[in-house]
Amino acid sequence: MGQLRFVTGGESHGAALTAIIDGLPAGLCLSRAELDGQLARRQRGYGRGGRMKIETDRVLVLSGLRFGETIGSPITLQVVNRDFANWTDRMDPFGTPNGGRVTAVRPGHADLSGVLKYDRRDARDILERSSARETTMRVAVGAVCRQLLAQLGISIASHVTEIGGVSVDAAVIRADDIGVTNSDDLNCCDSAAESRMKERIDTAKQAGDTLGGIFEVVVRGLPTGLGTHTQWDRRLDARLAGALMSIQAIKGVEIGAGFACAHLPGSEIHDELYMGADGQPFRKTNRAGGMEGGMTNGEPLIVRAAMKPIPTLMAPLQTIDLATGEAVSASKERSDTCAVPAASVVGEAMTAFVLADAVCSQFSADNMTDLKAALAAYRSRMERVWQKP
């Protein structure tokens, strides 16, 4: 187990969502604007549904912070659901059922597996927690972790590369564009592709359908050797893949060239090493995505995730009714046509948590002063490796 851990609690239409983070060093300065700014990014995106017009997510810090600095104790974060006022009769913790059970389980959702596993008769008992609304707190946690990383010289950004089969032109996107020229609507760096993506989203919405896509997370400033090759569960690539796969609707993760590695010979995949004028080694390519042997290799970390279309369709698919066993149309919940841009923000957050945990575990310290000193000493040792005697 790493040094950091977090858990979340709350339902989509419950009173509030909560997260507790444990293990952060004391002395970490946190910005309220940065916390709320990341939550706002998760709510944006062309193709989002009506829920985003109701909620204006703001984080409440209930413990672990004084005067803008962490104090070493667990941090409790909370986001109040404004929509709970409209759902009190259906979500009252001590109320009585008043009908309106959800029994037409949705294909592609957790509904059926969940009601069978937990022996429920109402799919709302499952869908409320399995909803992607839970990612609100992941983004809040990630917003804390990315501030820790930023104070160590590590930056995280993302961009959407595909929606509904419409892909960006990689040739027109410079590495420096990612995280800088991104649009607010789709978190995309290719304006021409974004226009086609919007048209595709409009068409899907009119048809009552949904769309998935792909996003890419890029991390710069990581030291070489973060992670380890020595045990399967401590490999950093495995932990990143698991974290991204845990996001609702994510069905695939790749690092660097990813699945393309299966189709090309080693001579076209592995990144050759050169000695730079500064006496430090470098690579002209980064097909490994900044990761070799379960460890960072000093190049930018590049991780991609594929998101399936959201299972709630306004033109519902066929399913069965839990109460009768008969064929019916799947239930409809207020939902999005496309949430890939929001997923990219969640992807940044989960990446930030895994990397913050890796840093805190490898350079174990109870406070930021010691953590910064330990990382600085490690970087200095890495540079001295290539100095001639």
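The values are calculated or read from the model by the stated rules, or taken from the named source; none is laboratory data. Quantities reported herein were computed from a predicted structural model and do not represent experimental measurements. So basically every Cβ, Gly included, is an ideal-geometry build from the backbone, and we count neighbours across all protein chains shown. Please note that ligands, DNA and RNA were not included when accessible areas were found on the heavy atoms of the full protein model with its side chains. Shrake-Rupley method; radii C 1.70, N 1.55, O 1.52, S 1.80 Å.
Side notes on the structure shown:
- The chain: angle of helix 135-150 to the longest principal axis, Cα-based, in degrees nearest 10: 10
- Taken over the C-alpha atoms, the range 337-389 has Rg and Dmax values of 17.0, 62 angstrom.
- Ellipsoid equivalent to the chain - semi-axes via the Cα gyration tensor, in Å: 38, 26, 18
- Given the chain, longest segment not containing exposed loop GluC sites (Glu not before Pro) (DSSP; at most 10 other Cβ within 10 Å): 1-271
- Across ALA260, ALA249, ALA315, mean-square fluctuation computed from a Gaussian network of the chain (C-alpha pairs under 10 Å connected) peaks at ALA260.
- On Cα atoms only, tilt of 368-384 relative to the major axis of the chain in degrees: 50
- Springs join every pair of Cα atoms under 10 Å in this Gaussian network model of the chain, and among GLN151, GLN362, GLN43 the largest mean-square fluctuation is at GLN151.
- GNM top mover of CYS188, CYS29, CYS261 - the chain, alpha-carbon springs below 10 Å: CYS261
- For the chain, adding -39500 (n - 2.57) for each run of n ≥ 4 DSSP H residues and dividing by the number of residues yields -9500 deg cm²/dmol at 222 nm.
- Spatially, the range 193-252 and the range 92-157 are offset by 18 Å when compared through their Cα centroids.
- Violating pairs (Cα-Cα greater than 24 angstrom) within the set LYS205/LYS332; LYS198/LYS284; LYS284/LYS372; LYS251/LYS332; LYS284/LYS308: LYS198/LYS284; LYS284/LYS372; LYS284/LYS308
- A straight Cα-to-Cα reach below 14 Å connects LYS117 with the aspartates and glutamates ASP125, residues fewer than 8 places away in its own chain not being considered.
- With DNA, RNA and ligands ignored, accessible area of HIS229 (1.4 Å probe; Å², nearest 10): 120
- Within the accessible area of the range 101-385 (1.4 Å probe), percent carbon and sulfur: 52
- Near ALA16, the amide H atoms lying under 5 Å from its own belong to GLU11, ASN81; only residues 5 or more places off or on other chains count, and H is placed 1.01 Å from N.
- Ordered from largest to smallest accessible area (heavy atoms of protein chains, 1.4 Å probe), the residues THR103, THR285, THR324 come out as THR324, THR285, THR103.
- Residues whose amide H falls under 5 Å from that of THR161, counting only those 5 or more places apart or on a different chain, are ILE214, PHE215, GLU216, with hydrogens built in the peptide plane.
- Exposed chymotrypsin sites (Phe, Trp or Tyr not before Pro) absent - longest run of the chain, DSSP non-H/G/I/E/B, at most 14 other C-beta within 10 Å: 95-385
- Helix 32-43 and the long axis of the chain differ in direction by around 60°, with both axes built from C-alpha atoms.
- Whole-number accessible area per residue in Å² for the range 101-385, which is evaluated in the context of all protein chains at 1.4 Å: 45
- Estimated FRET transfer efficiency (ARG174, LEU273; beta-carbon r; R0 22 Å; 0.05): 0.40
- A simple spin-label model places pseudo-atoms 7 Å from Cα toward Cβ; at THR224 and ALA238 they are separated by 2.4 nm.
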